[in-house]
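Since every read-out is calculated from the coordinates, none of them should be taken as a lab result. Everything quoted here is computed from the prediction, not taken from an experiment. We place every Cβ from the backbone using ideal geometry, glycine too, and count neighbours over all the protein chains shown.
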Amino acid sequence: MDTPLIETRNLKKYFKTGRGMLHAVDDVNFKIAKGETLGVVGESGCGKSTLGRVMIRLLDATEGQVLYNGQDIMKYGKSHMNSLRKDLQIIFQDPYASLNPRMSVSEIIAEPIKVCKVLTGKKEIEERVFELMKTVGLAERLVNAYPHELDGGRRQRIGVARALALNPKFIVCDEPVSALDVSIQAQILNLMMDLQEELGLTYMFITHDLSVVKHISSEIAVMYLGQCVEKAPVDELFDNPVHPYTQALLKAIPVPNLKSRNMQNILSGEVTSPIDPKPGCRFAARCPHASSECTHGELQLNEISPNHFVSCAKFGK
Ligand SMILES: Nc1ncnc2c1ncn2[C@@H]1O[C@H](COP(=O)(O)OP(=O)(O)OP(=O)(O)O)[C@@H](O)[C@H]1O
Ligand SMILES: [Mg+2]
């Protein structure tokens, strides 16, 4: 890979809680090349959103680096970061909750343009808003509508338009279709893939839904309790899943949403607490193959075939 557009190195984000240190993101390493999509999958609470937010510095990291075009943006001061903000954007899961209900479509899309003073003339801003609405397939007549007047698909199109307003390079897509009906999900995914090609965008696409991520990703990282347990190009991951957790996730397909499917039906055992986790494999308590060797020592991602990495004491050596 040439210099990746974005890369994490030993990235960690811990939260102090009353019961101890919660390891939300714990030593995550990956690279995303320009124009590619890294799919990030895993159950609720495994740290996907925290990872996405730390990568674009909506949250500060506890430790580690995020290199953007080879530069560690964790070291950037406020003004340097402000100028970079345009390049790094996010689309949220619930378009209804993430859009201000008191703002019209044009006000929502124009907001980042005004805040970052990319354009200042009223006419120019208006033209840019119409251009963005066209790009995401929103009819001009909706320009003065409010979010509650629109269906979920159109609301998410506003979310996409707002994220595109500053001509970003990298977008964290945090479950952008999970709240939508299945038929609408496909429309939004197609829109995002078209935009990626047209605008050369790079995505990190977070989801519970492996069947969604299969279509949009070039590579997939599987997370479990703050750590990446397996990472591979998309076809390789689906054809040859090695980590027992990845295998369990794949068993949950074709049920569209892992959140709605009780993983307890597939995996027995308790989910380990992310607070002050013990050494060894965090998945061991639920793993059908676990033995004493799994519960001590630090695990590492090993490359078992080109670009296929697995962190498991029993497999992937
Ligand atoms: N501000 C915070 N303070 C304390 N703990 C937090 C905070 N934000 C997240 N966490 C914890 O960090 C862990 C990871 O949360 P995160 O929201 O990143 O998971 P997720 O994979 O995005 O889950 P979901 O699929 O439900 O969106 C969880 O245990 C969560 O409770
Ligand atoms: Mg989340």
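Some notes on this structure:
- Gaussian network model of the chain, Cα within-10 Å springs - most flexible of Phe15, Phe283, Phe30: Phe15
- Under Karplus coefficients 6.51, -1.76 and 1.60, residue-wise ³J(HN,Hα) of the stretch 9-19 in Hz, glycine/proline x: 10, 6, 6, 9, 9, 10, 10, 6, 10, x, 9
- Phi to ³J(HN,Hα) by Karplus 6.51 cos²θ - 1.76 cosθ + 1.60 over the stretch 270-282, Hz, x for Gly, Pro: 8, 6, 5, 6, x, 8, 6, x, 7, x, x, 7, 6
- Between the stretch 1-36 and the stretch 57-76, the alpha-carbon center distance in angstrom: 9 Å
- Global form of the stretch 176-223, assessed from the alpha-carbon gyration tensor, a/c cut-off 1.5: oblate
- Between amide H atoms placed 1.01 Å from N, distances below 5 Å from Tyr224 occur with Val229, all of them 5 or more places distant or on a separate chain.
- Between Val177, Val242, Val271, the residue with the greatest mean-square fluctuation in the GNM of the chain (Cα pairs under 10 Å linked by springs) is Val271.
- Percent of Cα-Cα distances greater than 17 Å, calculated over the stretch 103-167: 29 percent
- Neighbour-count ranking [beta-carbon atoms within 10 angstrom, fewest first] of Thr37, Thr295, Thr120: Thr120, Thr295, Thr37
- Among Ile206, Ile56, Ile266, the residue with the largest mean-square fluctuation in a Gaussian network model of the chain, with springs joining Cα atoms closer than 10 Å, is Ile266.
- For the stretch 103-167, a simple Cβ point-charge model (Lys and Arg +1, Asp and Glu -1, everything else neutral) yields a dipole of about 100 debye relative to the Cα centre.
- Near the amide H of Glu63, within less than 5 Å, lie the amide hydrogens of Lys12, all on another chain or at least 5 residues away, with H placed in the peptide plane.
- Taking Ile109, Ile184, Ile32 and counting other C-beta atoms within 10 Å, the order from fewest to most: Ile184, Ile32, Ile109
- Here the 3J(HN,Hα) profile of the stretch 152-161, calculated from phi with Karplus coefficients 6.51, -1.76 and 1.60 at θ = phi - 60°, is x, x, 5, 4, 6, 4, 5, x, 5, 4 Hz, Gly and Pro shown as x.
- From the alpha carbon centroid of the stretch 157-198 to that of the stretch 134-155 is 14 Å.
- DSSP-defined antiparallel bridges as percent of all bridges, the stretch 112-232, nearest 5: 50 percent
- Oblate is the label for the stretch 128-212. Its Cα gyration tensor axes, ordered a ≥ b ≥ c, give a/c of at least 1.5 and b/c at or above a/b.
- Electrostatic dipole magnitude of the chain [Cβ: Lys, Arg +1; Asp, Glu -1; Cα centre; debye, to 20]: 840 debye
- Neighbour-count ranking [beta-carbon atoms within 10 angstrom, fewest first] of Val66, Val182: Val182, Val66
- Net charge, Val234 excluded, C-beta distance under 10 Å - Lys, Arg +1, Asp, Glu -1: -3
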